[in-house]
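Contents: one structure, followed by commentary.
The values are calculated or read from the model by the stated rules, or taken from the named source; none is laboratory data. Nothing here was measured: the structure is a model prediction, and the numbers come from that model. Here the Cβ positions follow ideal geometry from the backbone for every residue, glycine too, while neighbour counts run over all protein chains shown. Only protein heavy atoms, including side chains, enter the accessible area calculation; ligands, DNA and RNA are left aside. Shrake-Rupley method; radii C 1.70, N 1.55, O 1.52, S 1.80 Å.
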Amino acid sequence: MKCMKSKWRILLLTVMAVFIVSPTVVLAAEEAPKPAVYATFWALVPPVVAIALALITKEVYSSLFVGILVGALFYSGGNFEKTMTHIFEDGIIGVLSDSYNVGILVFLVILGAMVCLMNRAGGSAAFGRWAGKHIKTRVGAELATVLLGVLIFIDDYFNCLTVGSVMRPVTDKHNVSRAKLAYLIDATAAPVCIIAPISSWAAAVSGFVEGEDGLSIFVRAIPYNFYALLTIVMMVGMVLMKTEFGAMGVHESNALKGDIYTTASRPYANDTDNNEGNPRGKVIDLLIPILSLVVCCVIGMIYTGGFFEGTDFVTAFSQSDASVGLAMGSFFGLLITILLYMVRRVMTFRDCMSCIPDGFKSMVPAILILTFAWTLKSMTDSLGAADFVAGAMQSAAGGFVNFLPAVIFLVGCGLAFATGTSWGTFGILIPIVVAVFSGTNENLMIISISACMAGAVCGDHCSPISDTTIMASAGAQCDHVNHVSTQLPYALVAAAVSFVSYIIAGFVQSAWIALPIAFLLMMLVLFIIKNVFSDLEGA
């Protein structure tokens, strides 16, 4: 009780301090068309406040709202009416009016309904029984999760929720903590998508490289994407070594004793939703819906890119609208699933329809956090965070060229961590990199673009307000703050090795030299971790 009081005291003091300080920080805001703090360091303060409070109080909703409030106060100059208008009209209502965001929410709701359907039809339980016969160990369960995550490289949202729904019963059976499952999901989402030429991420990056062959540059940048590659190496290495450290070590040790949650916050712990489902359910009741979802989502994405109007497959993917494609694809996947269960008579039509609102309910936490995270990003956008970072990057570009990839990596990490968006970071930094290096040093341009992508993924991977991090928590049905706090040390280790690798790459400018050195450094770090931290017993 005392702990809760202290947490709320921190929140209250933060809000009071913001109200007191904001008028002095944003003087003359009413007279200027833009706030006085526009394109200054203050533009990054709101997300920093939200992230710090989330980690301190372990309560994400109020922390995000306080960050939104700070941004609105900075924007309005302390004016109450303008603050409220900016929060609701420009912020919450604005992001929920955005067609791309609505498409993602529709995709979330449909996936929630499909997961509920697969559970009640007995497909998930049947797959769990099948996996129990073929996957005998915790290591096998974790490697199977990694493999499935790597195979589903089309889109990070799709990856997080699909891998979570399929592998959760398997990892639960082998006493893998929900925090570790969330990490495995998150580490095979954005890090895999950013090195997959046919993915929504490749399409996004290619679109930001103006005046150049975007897809060709993306492919050439893959060997230099150290953070993504090293994250995969570290993830597999930690699984095979049966070694964990930091908060994750606590969660995994407790999981071996039967507690897969560790903390008091246990989302879905009591929501078994007839976990065994229909006893007549078979593995095909899980596989067919998942496969239909994959196929329909791919078709939906290339449809939005003009594939059926004569555009080739790769180009259609590169110019697809992921939001519309995923929403349409998941809808047809849902129809196929309902028809399958009715034909097989494992569920009635009425039972199928009852799963839709239940699936919606299961996704409410993720939808709330996503909405607040999008609103917080709109606050930083209105304060000119992008212009501030762009100006800082351009002013630093000419000083130390060989160190620039490492600097860009750090800037990408910081910006993505503060804003919770990889794609927004791409949009800010990649055009600057192209402008600086185009026509002068193409090889260094490739390395720097890759450093930008790696930094954006790293910051996105660490950030509590990242949509991918939120999706990974939802997919694993893990408390969001638990996921962030356990994943952060692992991400920072991979980031540190990546930073050193970018310094080396900036000088040697050869993937044949830099990439093997990066792998050797990561193996050395894993060896040190193995010797410092004890193995998990019973794994």
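Along the Cα→Cβ direction, 7 angstrom out, place labels at Arg280 and Asp312. What is the inter-label distance in nm?
5.0 nm
Label region 440-507 by shape, choosing from rounded, prolate and oblate, from the square roots a ≥ b ≥ c of the eigenvalues of the Cα gyration tensor; if a/c is under 1.5 it is rounded, and otherwise prolate applies when a/b is larger than b/c, oblate when it is not.
Note, shape of region 440-507 comes out prolate.
How high is the relative contact order of region 395-529, given as a whole-number percent (alpha carbon pairs under 8 Å, six or more residues apart)?
Values: 164 pairs, mean separation 40.4, N = 135.
RCO, region 395-529: 30 percent.
Can you give me the distance in nm between label points at Ser510 and Lys257, each placed 7 Å from the Cα along the Cα-to-Cβ direction?
My value for the distance between the label points is 5.3 nm.
Quick check: Cα centre of region 213-262 to Cα centre of region 274-315, how many Å?
27 Å
At Leu240 and Phe331, where each label point lies 7 Å from the Cα along Cα→Cβ, what is the point-to-point distance in nanometres?
4.5 nm
Skip the ligands, DNA and RNA, and give the accessible area per residue of region 427-515 with a 1.4 Å probe, whole Å².
Working: 2150 Å² over 89 residues.
For region 427-515, the per-residue accessible area is 24 Å².
With the contact rule set at Cα under 8 Å and sequence spacing of 6 or more, what percent relative contact order holds for region 46-129? Before the final figure, lay out each step's value.
Values: 46 pairs, mean separation 13.1, N = 84.
This gives 16 percent for region 46-129.
For Lys34 and Leu96 in the same chain, what is the full-extension length gain: residue separation times 0.36 nm, less their Cα-Cα distance, in nm? Intermediate results must be reported in sequence, preceding the final value.
Working: separation 62, 0.36 × 62 = 22.32 nm, distance 2.37 nm.
Working it through step by step, the gained length comes to 19.9 nm.
Multiplying the sequence separation of Met342 and Lys133 by 0.36 nm and subtracting their Cα-Cα distance, what value in nm do you get? Could the numbers behind the result be given before it?
Values: separation 209, 0.36 × 209 = 75.24 nm, distance 2.82 nm.
This chain segment gains 72.4 nm when fully extended.
Keeping the other protein chains in place, figure out the carbon and sulfur percent of the accessible area of region 458-539, with a 1.4 Å probe.
Details: 2280 of 3050 Å².
So the carbon and sulfur contribution to the accessible surface is 75 percent.
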